[in-house]
Amino acid sequence: MNRARNALGTGVGFVLILVWCLLPVAWIISLSFKSADETSVGSPQFLPKNPTLQNYRDILDNPDFIDALRNSFGIALIATFLSVIFATLAAYAIARLDFRGKRAVLSLALAIAMFPVVSLVGPLFDMWRTFHLFNTWPGLIIPYMSFTLPLAIWTLSAFFREIPWEMEQAAQVDGATSWQAFRKVIVPLAAPGVFTAAILTFFFAWNEFVLAISLTSTTSSRTVPAQMSFFVGPDPFNPPYGQLATASVVVTVPIIIIVLLFQRKIVAGLTSGAVKG
Amino acid sequence: MSTATATAATPSSPRTPTKAAATDRAKAENRLGLKLVAPAVILMLVVTAWPMLRALYLSTFRYRLTTPDDREFQGISNYTTILTDRLFWQDTLNTVIIMVVTVAVELVIGFAFAMVMHRIVFARGAVRTSILIPYGIITVVSAFAWQFTFSINNGWVNSWFGWLPWIGPNTNWFGDHWPAMFAIMVSEIWKTTPFMSLLLLAGLSQVSEDMIEAAKVDGATWWQRLWKVILPNMRAAIMVAVLFRALDAFRIFDNIYVMTKGAQGTESSSFLTYRQVIEQFQLGMGSALSVLLFLTVLLIAYLITKFFRVDLAQARGEG
């Protein structure tokens, strides 16, 4: 009796979670198939009357959007790559070595994770213009790296602590060179952690908005979220719903693919980084 | 939590040297450690501490980028201007309301989701995948999705919820303060609940089943088990989740920028700061706002850690 009620509750919860999480996604997908004619007269029903691919053709023909997509991928991937390298070094030291200031490093990372990004907009805007970093890729990559480092360092140091490092020596005792021991034993053990940190870092850089609108001025470095927020179409009182929804779907596809492939790793990374440390 | 702390707090350091050989090796290890963390630490400081100090300096000037030569030292007058301005307090109040409401709602929904994810025996992957989609989605996209949901011409809220007495086909959600705040908060809650629920799930999975079972045998009701056994044992996890989300919610910007651009008095502290610096080029005044924002965040972090009485470093296993 009690068990049946529990199972029922879990089942209902399961359905609620799916609806809650996926309804807005279904909504933008549906909206992306509505024609401009349909949305301009008002179309409150959920599904499109006459589904059309016109929005997809338009958005993929829009040079500003393609530029933004290129910038987003470039900036996010470079920031992720560099951030993970720096974080790996730091996390290795934190997990494996005894040195003074270990606590200070972790406290600093913690403080930066909670830092109000907007409060840097003014000074960075000023500094970046002096250093000619305003409206460039590095101008966004550098701050993205420093804001993703805390999360990457936590996640990685949590993973590295779990690695049985003795195996490295064991391999050496068995006759492996230190390079072989590192490559064949330690790298495969550390790779999942590094990969998880990379995914979380990529999500941050892909999502970031405040710095993206403040430190860029043209499509040469503007990322997708920034470009979308400026994309109002010809009539400011009637935003191009369909096209904005289409752009939303296009930039959400990479996220969905990553989530589908690496769901387990992301959950492990998020929880180990923040709770277990 | 306690078990994980214990394992995490004892990092296996097989190379920890014995006392006799200590000095040289320890020194070398110390040096190597510092070298390895240096790049990350320098990078983090260059982009945060240095600009923050610069903001502190600039905040004492009257400094507008459009008239850079007119820069003049003013002492604390920027701060007195801000602190006596109604708009500043209105925006701070908005931000605090958004923070408190979203975190409270997310705590409840997030905990319910965590319970379901903890209990569920089938389709675990499906639940986790779908819960990660809002987490991964761009905030701007979430804001657009919800803006269109609440749109008067093209949204489905008015037609689906028309049976509620205060919603009609012409309810303009972005025409008034509270409905607009509501729409903003819905988007914020949708996007960030997954993060909260995953942190709570991690805490939940560390509560010992034996303890819950023991309470059950002793005749505790479901409600008693929840409040007397499960929640107290998750205190550290709840604190971490609340702290992270509260400070994140306090920075709210993207949703407001996309959904209302601050209209109907829905501006947040972050939005005000952004507007001063980027739209009005008031670098002096904007810097003063930045400093105040930073101090507020510190204060909130302090209050939350005090409230939960958990040492954060300890909670993270860094005794």
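Mean Kyte-Doolittle hydropathy of -1.0 or higher plus an axial Cα length of 30 Å or more: which whole DSSP H helices in chain B meet both?
Passing helices, by number: B:22-47, B:86-119, B:177-204, B:283-308.
Once chain A is represented by equal point scatterers at the alpha-carbon sites, with solvent omitted, what log10 I(q)/I(0) does the Debye formula produce at q = 0.14 Å⁻¹?
-1.10
Hey, got the average number of other protein chain Cβ atoms within 10 angstrom for residues in A:253-266?
If you average over the peptide's residues, the count of other-chain Cβ atoms is 4.
Taking every residue in A:103-115, how many Cβ atoms of other protein chains lie within 10 Å of its Cβ, on average?
The shielding value for this peptide is 6.
Select from B:V116, B:I189, B:W223 the residue farthest towards the positive end of the dipole of region B:86-315; place +1 on Cβ of Lys and Arg, -1 on Cβ of Asp and Glu, and compute about the Cα centre.
Among B:V116, B:I189, B:W223, the one farthest towards the positive end of the dipole of region B:86-315 is B:W223.
Roughly how many Å is it from the Cα centre of region B:167-239 to that of region B:56-70, as a whole number?
Here the two parts' Cα centres lie 45 Å apart.
For the charge dipole of region A:1-134, defined by +1 on Lys and Arg C-beta atoms and -1 on Asp and Glu C-beta atoms about the Cα centroid, which residue among A:L106, A:G74, A:V121 has the Cα displaced farthest towards the positive pole?
Result: A:L106, furthest along the dipole toward the positive end.
Provide a whole-number value for the mean count of partner chain Cβ atoms within 10 Å of the Cβ atoms in peptide A:223-229.
Per residue, the number of nearby Cβ atoms from other chains is 4 on average.
Work out from phi, with θ = phi - 60° and the Karplus expression 6.51 cos²θ - 1.76 cosθ + 1.60, the ³J(HN,Hα) of each residue of region A:45-58, listed in order in whole Hz, and give x for Gly and Pro.
6, 5, 9, x, 6, 10, x, 9, 9, 3, 4, 5, 4, 4
Dipole of region A:34-192, Cα-centred, from +1 at each Lys and Arg C-beta and -1 at each Asp and Glu C-beta, to the nearest 20 debye?
The dipole of region A:34-192 has a size of about 400 debye.
Which order do A:D58, B:D210 fall in if you start with the one that has the fewest other Cβ atoms within 10 Å?
Starting with the residue having the fewest Cβ neighbours, the order is B:D210, A:D58.
Ranked by Cβ crowding within 10 angstrom, fewest neighbours first, how are B:S208, B:S142 ordered?
The fewest-first ordering by Cβ neighbours comes to B:S208, B:S142.
A short reminder: the numbers here are calculations on the coordinates, not readings from a lab. Just so you know, these numbers come straight off a predicted model, no measurement behind them. Note that we place each Cβ from the backbone using ideal geometry, even for glycine, and neighbour counts take in every protein chain shown.
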